[in-house]
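The values are calculated or read from the model by the stated rules, or taken from the named source; none is laboratory data. Remember, it's a predicted structure, so these values are computed and weren't measured experimentally. Backbone-built Cβ (ideal geometry, glycine too); neighbour counts: all protein chains shown. Protein only, heavy atoms only, side chains kept; ligands, DNA and RNA dropped before computing areas. Shrake-Rupley method; radii C 1.70, N 1.55, O 1.52, S 1.80 Å.
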Amino acid sequence: MMTRVAVTGGSGATGRTTVAHLIESGYEVVNLDRVDRTDAPYIELDLRDYSAVAAALTGMDAVVHLGSDPRPDPADDPAQGAERFAHNTTVTFNVMWAAGHLGIRRVVWASSQQVFGWPWVDVSPEYLPLDENHPHHPQNGYAMSKVACEHLARHLADKFGMT
């Protein structure tokens, strides 16, 4: 039996590459996104809708969560940073919470180099190579959402026994 993998944000730049690689590697892949730009089966989905997320993840063996809003926040509009933070933390919570409740034990999620402050400020790493213990210096709503979601992922992985 083939492993079924849901990819949120599968139509984005990283998502399309991920979907193609998973298909080439023999996985059964479903793209969960607002638009369809892959050769995989597709479910149109707004990740802010928990019930829709849970329904789409039912029957999956694993999830690759790439669905977020990565646009940089304009410095002159702090409301957009707040909107991006709320959106990204909500969709990550929905995906991980639903996966945990459905018994999906493998969730892959992507953070960002922006948690360290790059490329927005001139901050040098405190040490190399970087690891998960390196101090964070997020500079915008997107980066701050990624920091919050790193904590969320740790807590939900512990709660549900996910990796």
Item to check | In region 134-156, the residues that are within 25 Å of Gly100 (Cα to Cα) and either over 19 Å from the mean Cα position of the chain (by Cα) or of a type in the set (Val, Ile, Thr) (or both) | outcome: Val147
Checklist outcome for this item: Picked from region 65-74 (must be within 15 Å of the chain's Cα centre (by Cα) and open to solvent by 20 Å² or more (accessible area, probe 1.4 Å)), the residue modelled with the lowest pLDDT is Arg71
Checklist entry - Ala99 versus (1) hydrophobic (A, V, I, L, M, F, W, C); (2) modelled with pLDDT under 95; (3) closer than 16 Å to Val64 by Cα: which is the lone unmet condition? => result (2)
Checklist outcome for this item: Scanning region 49-58 residue by residue, those farther than 14 Å from Val5 by Cβ, under 16 Å from the mean Cα position of the chain (by Cα) and surrounded by 15 or more Cβ atoms within 10 Å (Cβ to Cβ) turn out to be Tyr50, Val53, Ala54
Item to check | Of all residues making up region 126-163, the number that are open to solvent by less than 50 Å² (accessible area, probe 1.4 Å) and free of Cβ contacts under 8 Å to residues at least 24 places away in the same chain | outcome: 2
Checklist entry - What number goes with the only condition from (1) open to solvent by 60 Å² or more (accessible area, probe 1.4 Å); (2) more than 22 Å from Ala153 (Cα to Cα) that Phe93 does not pass? => result (2)
Checklist entry - Which of the residues that make up region 3-19 are out of contact with any Asp or Glu (no Cβ under 6 Å at 6 or more places or on another chain), touching a residue at least 24 places away in the same chain (Cβ under 8 Å), open to solvent by 10 Å² or more (accessible area, probe 1.4 Å) and of a type in the set (Ser, Thr, Tyr)? => result Thr14, Thr18
Item to check | Selected residue [surrounded by fewer than 19 Cβ atoms within 10 Å (Cβ to Cβ), within 16 Å of the chain's Cα centre (by Cα) and acidic (Asp, Glu)] from Asp46, Asp61, Asp33, Asp39 | outcome: Asp46
